[in-house]
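The values are calculated or read from the model by the stated rules, or taken from the named source; none is laboratory data. Note that this is a predicted model, so its numbers are computed, not measured. Counting neighbours? That spans all protein chains shown, and the Cβs are built from the backbone with ideal geometry, glycine included. Calculation scope for accessible area: heavy atoms of the full protein, side chains included, ligands and nucleic acids excluded. Shrake-Rupley method; radii C 1.70, N 1.55, O 1.52, S 1.80 Å.
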Amino acid sequence: MEWYQVPEASARLINAARAGGGRIVAVGTTAVRAVESAAGPDGVVRAARGRTDLVVTPRRGVRVIDGLLTGLHEPEASPLLMLEAVAGRASVECAYATAVRGPYLWHEFGDAHLILPEENAHPGSCSSN
């Protein structure tokens, strides 16, 4: 269980951005769980607070989040399922293969990476983003 709060102003801005065709990029896995917990089945985000036990997986998917800025999690860590829900397995595998080869730092004080859905692939690097 994790405590979260999505204020009315945040819910309003998220909904307005989505209505205008904008992307919603969460900063951190906690923000993903908070926004997805505050979203109804229709994808509309409402002000909410409390505790959530939401586990975002590829099977559950995401209703609101279009991207995620997060640190590098250990390859066996459960947050990788959340990354796969946002960007797809191939993208996450490509990103982590690159990270393992490179001089990147892991965990909370390490490097961050931007995870976007597969349709925003970067053909110059990975077959998916």
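Is it the case that the range 82-89 has a residue that's under 16 Å from the mean Cα position of the chain (by Cα) and open to solvent by 50 Å² or more (accessible area, probe 1.4 Å)?
yes
Which of the residues belonging to the range 81-96 are aliphatic (A, V, I, L, M) and modelled with pLDDT under 90?
Once the filter is applied, which keeps residues that are aliphatic (A, V, I, L, M) and modelled with pLDDT under 90, the range 81-96 yields only Ala95.
So, in the range 112-129, of the ones that are at pLDDT 85 or above and either in contact with a Leu (Cβ under 7 Å, 6 or more places away or on another chain) or over 23 Å from Leu54 (Cα atoms) (or both), which residue ends up least open to solvent (accessible area, probe 1.4 Å)?
Going through the qualifying residues, I end up with Ile115.
Name the pairs whose Cβ atoms lie under 6 Å apart, with the first residue in the range 59-75 and under 11 Å from His107 (Cα atoms), the second among the acidic types (Asp, Glu) and surrounded by 15 or more Cβ atoms within 10 Å (Cβ to Cβ), and 6 or more positions between them or separate chains?
Short answer, once both residue conditions are applied: none.
Taking the stated definitions as given, is Ala34 within 12 Å of the chain's Cα centre (by Cα), open to solvent by less than 20 Å² (accessible area, probe 1.4 Å) and more than 26 Å from Glu93 (Cβ to Cβ)?
yes
Mind listing whichever residues of the range 6-51 are touching an Asp or Glu at 6+ places or on another chain (Cβ under 9 Å), of a type in the set (Lys, Arg) and not in a strand (DSSP E or B)?
Selection gives Arg18, Arg23, Arg33, Arg46.
So which of Thr70, Thr52 ends up being touching a His at 6+ places or on another chain (Cβ under 9 Å) and surrounded by 17 or more Cβ atoms within 10 Å (Cβ to Cβ)?
Residue meeting the stated conditions: Thr70.
Give Leu54, Leu105 a once-over and let me know the one that is outside any helix (DSSP H, G or I) and under 15 Å from Thr29 (Cα atoms).
Leu54
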